[in-house]
Amino acid sequence: MDKTLRGVGVSHGVAIGEVRHMGTAVLEPPAKQIAEEDAPREQQRARQSVEAVANDLMARGNLAGGEAQAVLEAQALMAQDPELIADVERRIAVGSTAARAVYDAFAAYRALLAGAGEYLAGRVADLDDVRNRIVARLMGVPMPGVPDSDRPYVLIARDLAPADTALLDPSLVLGFVTEEGGPTSHSAILARALGVPAVVALPGACELAEGTVVAVDGSTGSVNVSPSEEEQAAFTRDAEERKSVLDSTKGPGATSDGHKVPLLANVGGPGDVAAAIEVGAEGVGLFRTEFLFLDDSTKAPSQEKQVTIYRQVLEAFPEGRVVVRVLDAGADKPLDFLTPVDEPNPALGVRGLRSLLDHPEVLQEQLTALAKAAEGLPVYLEVMAPMVADRADAKAFADACRTAGLQAKAGVMVEIPSAALRARSVLQEVEFLSLGTNDLAQYTFAADRQVGAVSRLQDPWQPALLDLVALAAEAAGAEGKSCGVCGEAAADPLLACVLTGLGVTSLSMGAASIPYVRATLAKHTLAQCERAAAAARAADSAQDSRLAAQAVLSGE
Ligand code: PEP
Ligand code: MG
């Protein structure tokens with residue numbers, strides 16, 4: 001394998017550590033026949049693996065305590081069910097490998113559970129997890145799900161779904177590397193939220209051997225495999241130098257001639273607030289509330305739970321601005337109780353505001369919870385809807401906010417090209433726009449944001465995307481309303497200057513990027529940003545657009 005691999009750097013910083021793989025979700029062992037004399041050995045391997053997995057689940061339960069302990073102990077008991085073990089042994093006796101016998105025996109048991117009433121059917125996912133663990137052990141592949149490790153590691157995955165990442169222990173994850181995913185995928189967003197370096201769309205990532213040491217540079221996108229001690233020292237030195245430059249710039253976001261551009265944080269919940277405050281975020285520009293709903297995909301969290309969580313975020317920014325996005329479910333963030341299962345193309349289907357308009361009770365509950373959470377607080381609450389296509393969508397959302405009696409500005413995200421093209425019409429209904437450049441790029445270029453192979457088109461420097469940003473910002477300017485950016489484009493320091501030059505009024509990003517953006521913005525005047533924006537738009541490719549802006553801003 002090459003010593004240096006290249007992907008797309010999506011979250012700044014450097015991480016050096018051992019590789020741990022995110023295990024595959026479902027392992028289907030091949031249906032091979034074994035010789036009769038091998039059966040006793042396979043039966044013994046099966047018994048040993050079942051025992052080892054049960055012991056591991058019990059040990060993890062002891063560590064976790066509380067409710068988690070009860071769940072893990074119940075899983076350990078499932079693994080040791082004598083009926084199940086007898087079935088595995090019978091299957092091996094007639095020629096199955098141990099792995100295949102476990103797989104098939106669990107499938108039979110699973111079918112029984114699934115048809116045995118609601119409570120037992122609910123245990124099917126636990127049973128699948130036990131099966132995957134035993135099969136993974138028998139096949140000598142990494143355990144499914146988040147790695148079991150008590151030492152910090154660099155997480156390698158094909159891609160990371162929000163549901164996987166909810167289980168990550170941030171104190172153990174030094175950085176992320178994914179084989180798939182573009183700069184706007186949720187792996188990238190999560191890495192920025194955690195403030196750890198990340199590289200996505202790295203061909204060959206999944207082939208890195210477990211335990212290999214890698215040095216990940218989240219700014220350049222390079223991953224150095226098995227670096228020497230000198231290389232590791234040089235990496236760390238570089239990172240420290242970059243960090244000390246950043247720590248020297250503080251205060252609100254502004255160009256060098258004082259044009260203010262508030263720098264806000266993207267958060268997924270109260271857990272992200274401390275990092276935002278530490279870097280001096282002037283508020284929250286995007287609170288992705290769906291992370292609260294992903295814990296249990298069968299129903300919405302109770303109104304009380306929502307109020308508590310929203311209030312924790314709102315209280316953290318007294319006198320500040322907090323923009324809450326209502327639930328954005330569907331596509332890569334499906335929820336069982338909202339998302340249709342049979343859509344051929346979920347990213348173009350019923351997601352975002354569309355799901356909420358189909359389930360107005362969920363939207364009303366959320367807006368009411370927000371109204372209660374903000375009661376008596378001096379915060380400037382703003383609420384916005386995802387995936388708004390036109391004025392009718394904007395009106396439906398603004399109406400819902402009024403019905404809930406919400407004392408907050410209502411706005412919409414511009415993520416669909418039609419909303420940018422007709423921004424003035426949309427603004428007849430709402431108070432502000434926020435450009436979701438991740439989805440806006442996805443829909444402008446017909447390039448799925450989860451597919452690494454099309455990440456070229458997900459590049460927010462694409463001039464066509466900049467044209468749409470300009471249209472929306474001009475429309476907002478003409479209406480005397482604000483137009484921020486909360487997509488990942490805002491986290492690129494150079495692009496942040498271009499967006500400012502296009503007329504964008506605030507920038508919201510993962511907290512870790514704020515110091516980089518603040519430092520770069522503070523080096524340039526508004527007029528320079530405007531010239532850089534014009535040069536970027538005049539280019540014909542993302543690469544030329546970036547080079548043109550760079551040339552203007554570096555005074556070449
Ligand atoms: C976006 O699409 O740019 C955005 C901010 O929303 P999300 O990334 O959560 O889809
Ligand atoms: Mg979006």
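The values are calculated or read from the model by the stated rules, or taken from the named source; none is laboratory data. Worth saying up front: this structure is predicted, and the values here are computed from it rather than measured. In this analysis, Cβ positions are derived from the backbone assuming ideal geometry, glycine residues included, and neighbour counts consider all displayed protein chains. In case anyone asks, the SASA skips ligands and DNA or RNA and just uses the protein heavy atoms, side chains included. Shrake-Rupley method; radii C 1.70, N 1.55, O 1.52, S 1.80 Å.
Here are a few things to note about the model shown:
- Cross-link reach list, lysines versus residue 299, counting only Cα pairs under 17 Å and skipping chain neighbours closer than eight places: 333
- Ordering 484-490, 81-87, 132-138, 542-548 by mean Cβ neighbour count within 10 Å, with the highest value first, yields 484-490, 132-138, 542-548, 81-87.
- Whole-percent pair-distance distribution, where bins are 5 Å wide, for the alpha carbons of the range 434-556: 2, 13, 22, 25, 22, 12, 4, 1, 0
- Partner lysines for residue 523 [C-alpha distance under 30 Å; skip if fewer than 8 residues away on the same chain]: 243, 250, 260, 481
- Taken over the range 253-525, the convex hull of the Cα atoms encloses 118 Å³ per residue.
- In the range 253-525, Cα pairs under 8 Å separated by at least six residues give a relative contact order of 21 percent.
- Of interest is the spacing of the C-alpha centroids, which for the range 516-541 and the range 431-508 amounts to 14 Å.
- Of the solvent-accessible surface of the range 36-139, computed with a 1.4 Å probe over protein heavy atoms with every protein chain present, carbon and sulfur atoms account for 53 percent.
- Computed with a 1.4 Å probe over protein heavy atoms only, the accessible surface of the chain comes to 42 Å² per residue.
- Heavy-atom surface analysis with a 1.4 Å probe gives the range 253-525 a carbon and sulfur content of 53 percent of its accessible area.
- For the chain: relative contact order, % (alpha-carbon pairs under 8 angstrom, 6 or more apart): 14
- Antiparallel content of DSSP bridges confined to the chain, in %, to 5: 30
- Relative to its residue count, the range 326-428 spans a Cα convex hull of 101 Å³ per residue.
- 11 Å beta-carbon shell around residue 382, net charge (K/R +1, D/E -1): +2
- Neighbour cut-off at most 16 other Cβ (10 Å), DSSP loop, chymotrypsin sites (Phe, Trp or Tyr not before Pro), the range 305-406: 337
- From the Kirkwood radius over Cα pairs of the range 368-419, Stokes-Einstein at 25 °C and 0.890 mPa s returns a whole-number translational diffusion coefficient of 210 µm²/s.
- Inverse mean reciprocal Cα-Cα distance (Kirkwood Rh) of the range 36-139, Å: 13.9
- Sparse-neighbour loop sites [GluC sites (Glu not before Pro); the range 282-371; at most 13 other C-beta within 10 Å; DSSP]: 319
- All-pairs alpha carbon distance profile, the range 247-365, 10 Å steps from 0, percent: 12, 37, 28, 17, 6, 0
- Nearby lysines by direct alpha-carbon distance to residue 305 (threshold 17 angstrom, same-chain neighbours under 8 apart not counted): 372
- The alpha carbons of the chain stretch over 81, 60, 39 Å along the principal axes, in descending order.
- Helix 463-479 vs. the chain, principal-axis angle (Cα, 0 to 90°, nearest 10): 50
- Applied to the range 483-499, the Karplus parametrisation 6.51 cos²θ - 1.76 cosθ + 1.60 on θ = phi - 60° returns per-residue 3J(HN,Hα) values of 9, x, 10, 10, x, 5, 4, 5, 7, 8, x, 5, 5, 4, 5, 5, 4 Hz, with x for Gly and Pro.
- Based on DSSP H segments of at least four residues, each scored -39500 (n - 2.57), the chain has a per-residue ellipticity at 222 nm of -14000 deg cm²/dmol.
- Local electrostatic count, residue 151, Cβ distance below 14 Å [Lys/Arg +1, Asp/Glu -1]: -4
- Once you reduce the range 293-345 and the range 76-116 to the center of their Cα atoms, the two points are 38 Å from each other.
- Taking all protein chains together, 230, 73, 278 sort by accessible area into 278, 230, 73, largest first [probe 1.4 Å].
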